[in-house]
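Just so you know, all these numbers are worked out from the coordinates, no wet-lab data involved. The model shown is predicted, which means the values in this text are computed figures rather than measured ones. Every residue, glycine among them, receives a Cβ derived from its backbone with ideal geometry; neighbour counts consider all protein chains shown.
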Amino acid sequence: MTLSVTGLRVSSLVRDVSFEIGAGARVGLIGESGSGKSLTALAIMGLLPDELHASGSVRLNGHELLGSSEKDLSRRRGDELAMVFQEPMTALNPAMRVGRQVTEPGRIHGRRRSAEELLDAVGLPGTARAYPHQLSGGQRQRVVLAMALANEPSLLICDEPTTALDVTVQAQILSLIKTSLPAESALLFITHDLAVVASVCERVLVMLDGEIVEAGSTREVLTSPKHEYTRKLLDASDLEARR
Amino acid sequence: MIIEVRDLERRYARRDVHALRGVSFDVEAGQRFGIVGESGSGKSTLVRLLAALDKPTAGTVSFQGRRIDDLPERKLGFLRSELQIVFQDPMGSLDPRMRVRDIISEPLGRREPDRVAELLAAVGLPEDAAGRYPHQFSGGQRQRISIARALAPNPSVLIADEPVSALDVSVRGQILDLLDSLVEQFALTLIFVSHDLGVVRHVCDRVAVMRRGEIVELGDVEQVYDTPRHEYTRELLEAAPNLRAELARLSGGDDA
Amino acid sequence: MRNLVIGGVLVGLVVLAAVLSFFWTPFDPVRVDAAHRLLGFGGSNLFGTDKFGRDLLSQIMVGARTTLYVGVVAVGIAAVIGTPLGILAGMSPRWLGEFVMRVNDLVLAFPALLLAIMFGAVFGADTLTAMVAIGIATIPSFARIARSGTLQVMSTEFVLAARAGGRSRLTIAVRHVLPNISGLLIVQASVSFAIAVLAEAALSFLGFGTRPPTPSWGRMLQESQELLTVQPRLALVPGIAIAVAVLGFNLLGDGLRDRLDPRLAARV
């Protein structure tokens, strides 16, 4: 198992969450605000705010992440473990050229691929010398994705990566994620949008109030949901039926 | 025609941005008119111009036959009681330091406890909400407060600017249903602005598709969605995450 | 809550000392008593005496009045004039707002002490002219903060909604802008209070503030400099008094700001 989460707790906001993600698996985590989905991701990355404390077990490739030293965690972040956040406008350093930023994970962790190569792979040829403010939201998310994938992570976590983007750009970014993620890398894709999860993931976990209320293959969960909340979400997302 | 827009333009000289480049359309009384566009389409600018909260650089906006784009604020009183807006951000659109009853009665110019109670009931909020502050409510409830405020002066036109985009999926349906029933109940004209195609289809009868300051397609909802004429409309329809299509694909037997 | 209480207690102490001083002080603060010069802590003089034999505690109590006058009046002038100025600049067309701010900057750049000295030369040097001068010199800080806060509030959707509801600019300024910038202003007031007290101290030393023999904490502090190495007590006593007042007002300011914000108050 690439990622093995057992009995994860974060204050009262994430309660006894357990799941596994194997190498190459694409798993979606669905929930609304307050469900604890983002906190779960932050707990895995070791990026919880100071006031919150995580307990339980999070094992990546056999190593226990919870309780690891910051030094150990920062060695893994950007390398085996990578994350793409929701807000592209603040995700990049405004004072550093994009080419430099995209090669930073490589420089820190000892692997080197050129800026041009990395940016080309995400469909941004020739932008290495640009500054973030010269790029659109969608382009910035591509840069962030390039940085996340630079060292071929074992696990890529995406937390609502397309929610802040226009619909046409969203489609491009989702397609990019699907095509550029190496086959052996695992993906944990967090979103509130059922259609997106259906198109990207093969397995899905549904979170409500800090707990996982349903889990299974995307097909199973979305076409024959067992939990009331899943059904409610499906109904609410399917507006055409209402009129 | 309750609203007429002709060749409306808005340029921002300082940033050399052409937010609106000549937009024209009509809205009939009682219609549910949708405006769809992504960021940079000019829809937010259009909303402000329709409500005379901004002045165009060219073109005209008329309300019930009277031009409103060239009137000074003091002559716009008639508009302020006839046309109201519900905004996107449920937190930012309510003054955090005011109690709900003051927020709702603000367009009335004075405290009217009976009207406030009436409005709270109309939007499905309990009476005791009047004495509380915005931060004590959830996003969906705050939008209800916003809607109550908009209805206070008994307007004939309601402009909803992305009213459910910032809300959780499970709450959106409730707010949309609420808007729907209120529009029916008070015989309002609704102008519904959103980037979400699904939502606009669900709520409106006519739709204008905007892109970079222009309307690229305008027509009845069924026609635009089923047989889009403009390439951009087709692009939007294809790109939008479509749950039904995904479910159909999944039921058809292949996993993602 | 804690800030409010501690701040309140400290400020209360200062106010108490000042009020009490009108009715009673242990000794006459201005009476020279050469026989009892430079006495230490304890004995009939709780804080000891200075180089003229004057009781320090009595001087502190009477000096508290000056500190409060100066702080409150100076900040009062600055707030009452600076705040509306800043709000107006924030709600005006951009070019006008910028122009007002540039004029504001000019006043800001003018050294407060110099202004006070000039006032003193023209109107006679005493506590009142010092307070007014310091107040005027503090106006720009308030105007700046008020304008900055106003610009932020004006860009919110709830102000847009208010305009859509037909509210006049004056109503918006009073009902929406003022309450939402009050936090900023309170904090600015507590900072300016501290600066005003210290400015008065410097002025007293230069002879442009409170004139001797009227006790003033600032002057006590400055006068203690010559005997600093042998009698640090003479600097400690007024120094700690100033620190207590400044800390008290700062904490009180923070506490009030938090108390008045319905979002924070609700959590208590």
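So the values come out like this:
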quantity	calculated
Cross-link reach list, lysines versus B:K55, counting only Cα pairs under 16 Å and skipping chain neighbours closer than eight places	B:K43, B:K75
For B:V169, C:V174, order by how many other beta-carbon atoms lie within 10 Å, fewest first	C:V174, B:V169
Relative contact order [Cα under 8 Å, 6+ residues apart], the range B:3-251, whole percent	25
DSSP loop trypsin sites (Lys or Arg not before Pro) with at most 12 other Cβ within 10 Å excluded, longest remaining stretch of chain C	C:32-266
Rule-of-thumb Rg ratio for the range C:41-265 [Cα; 2.2 N^0.38 Å; N residues]	1.21
Using a Förster distance of 30 Å, the FRET efficiency for B:E118-B:E28 (Cβ separation, nearest 0.05)	0.60
Counting DSSP beta bridges with both ends in the protein assembly as shown, the antiparallel % (nearest 5)	50
In Hz, Karplus ³J(HN,Hα) per residue of the range A:6-11 (6.51, -1.76, 1.60; θ = phi - 60°; x = Gly, Pro)	10, x, 6, 10, 9, 6
Cleavage-rule hits (trypsin sites (Lys or Arg not before Pro)) in the range B:94-163: DSSP loop, at most 13 neighbouring Cβ within 10 angstrom	B:R110, B:R111
Kyte-Doolittle mean at least 0.0, axial Cα span of 20 Å or more - DSSP H helices of chain C	C:2-23, C:56-91, C:94-109, C:127-154, C:178-206, C:233-260
Local electrostatic count at B:R10 - Lys and Arg +1, Asp and Glu -1, tallied over other residues with Cβ under 15 Å	+2
Number of partner chain Cβ atoms within 10 Å, mean per residue of C:151-163	6
Stokes-Einstein diffusion coefficient of the range A:117-178, Kirkwood radius over Cα pairs, 4 °C, 1.567 mPa s, in µm²/s	107
Burial ordering of C:M131, B:M98, fewest other beta-carbon atoms within 10 Å first	B:M98, C:M131
Pairwise FRET efficiency - C:R259 versus A:E70, Cβ, R0 = 35 Å, nearest 0.05	0.40
